[in-house]
Amino acid sequence: MSTEIIRERLHEYIRFADDKKVEAIYTMVENEIIEELDLWEDKAFLNELKDRLDEYESGKVTGSGWEEVKQKARDRKS
């Protein structure tokens with residue numbers, strides 16, 4: 001089973017699971033969630049984001065619009 005399908009199935013399960021099950025699942029992954037949120041406290045990470053934003057705003061690098069990204073993904077899938 002692909003990770004994408006697993007994510008979808010978990011998402012649907014959590015949406016309708018009773019409170020105790022949701023709390024149990026959260027307890028299992030709580031430390032990982034907190035670690036992910038800690039990125040916003042990580043000065044090196046924030047500096048990297050700032051540097052990338054500065055490069056984009058200066059025109060040194062270009063980006064793609066959301067519609068272009070979606071189309072490229074569709075094209076690759078075909």
Those residues of region 32-65 which are assigned to a helix (DSSP H, G or I), surrounded by 10 or more Cβ atoms within 10 Å (Cβ to Cβ) and of a type in the set (S, T, N, Q) amount to Asn47
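Here's the yes/no breakdown for (1) under 17 Å from the mean Cα position of the chain (by Cα); (2) modelled with pLDDT under 90; (3) aliphatic (A, V, I, L, M):
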| position | (1), (2), (3) |
| --- | --- |
| Ile14 | no, no, yes |
| Glu30 | yes, yes, no |
| Trp40 | yes, yes, no |
| Asp75 | no, no, no |
When you check Met1 against the structure, is it loosely packed, with under 10 Cβ neighbours inside 10 Å, modelled with pLDDT under 95 and assigned to a loop (DSSP other than H, G, I, E, B), yes or no? yes
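The values are calculated or read from the model by the stated rules, or taken from the named source; none is laboratory data. Please read all numbers here as calculations on a predicted model, not as lab measurements. Note that each Cβ is placed from the backbone with ideal geometry, even for glycine, and that neighbours are counted across all protein chains shown.
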